[in-house]
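Chemist: This is the structure, below, for whatever I ask next.
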Amino acid sequence: MSSENPTRRKILNAAWTLLEQGGSQIRMSDIARAAGISRQALYLHFPSRAELLVAVTRHLDEEKDIDARLAESRNATTGQARLAAFIAAWGNYIPEIRGVARALMAMADSDAEARAAWDDRMDAVRQGCAAAVTALARDGQLDPALDEGRATDLLWGLLSVPLWIQLRETCGWSQEAYLAEMQRLAGRALLAEG
């Protein structure tokens, strides 16, 4: 649990709630009102909206204990085990952050601060993909046609939130089908034959 002060936590939770509700144009004044504080008090904790949005996404990860969710992947002894555990952890996390993700993605094209927050979290996902790919390469299991950079890009694209939304919400796939196909496709795309 966080050691953040109560006002900061209240601000983060208020912003999280507004984003979850589809707040694609939330302003600092909206967040201050939802948190029950003045705008001046809000700016004392978060000098910029960009800082606040990045902090909200990290707060979400902390509240949902992303480190515990990634423990199996991080502790895996083989590249294949790390890949499978990472896909499961991230794939099962997407439904829980979907509301915030949709809001930030909707704002990203016209809102540099939202783009910064989204990019910050997607960079963390990319790092997880890179770690899985590095483990495959270390074990000699990475397809020799791919270098680690390209393999990381491929896995990162495969595990994108927009693809999850399209398959789960537009196409109606079950979560189990989504995870099974991501595991299968990642294996076919990244693993050396044999």
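Chemist: Does residue 115 satisfy the criteria of being surrounded by 14 or more Cβ atoms within 10 Å (Cβ to Cβ) and free of Cβ contacts under 8 Å to residues at least 12 places away in the same chain?
Modeler: Values: surrounded by 14 or more Cβ atoms within 10 Å (Cβ to Cβ): yes; free of Cβ contacts under 8 Å to residues at least 12 places away in the same chain: yes.
Yes; evaluated as a whole, the condition is true for this residue.
Chemist: For residues that are in contact (Cβ under 8 Å) with a residue 40 or more places away in the chain and not in a helix (DSSP H, G or I), scanning just segment 66-93, find the one that is surrounded by the fewest Cβ atoms within 10 Å (Cβ to Cβ).
Modeler: Out of the qualifying residues, it is 78.
Chemist: So residue 13 fits all but one of (1) in contact with a His (Cβ under 9 Å, 6 or more places away or on another chain); (2) farther than 28 Å from residue 168 by Cα; what number is the exception?
Modeler: Going through (1) in contact with a His (Cβ under 9 Å, 6 or more places away or on another chain); (2) farther than 28 Å from residue 168 by Cα one by one, residue 13 breaks only (2).
All of the numbers you see were taken from the coordinates with simple rules; none came from a lab. Since this is a predicted model, take the numbers as computed values, not measurements. Note: ideal-geometry Cβ built from the backbone for every residue, glycine included; neighbour counts use all protein chains shown.
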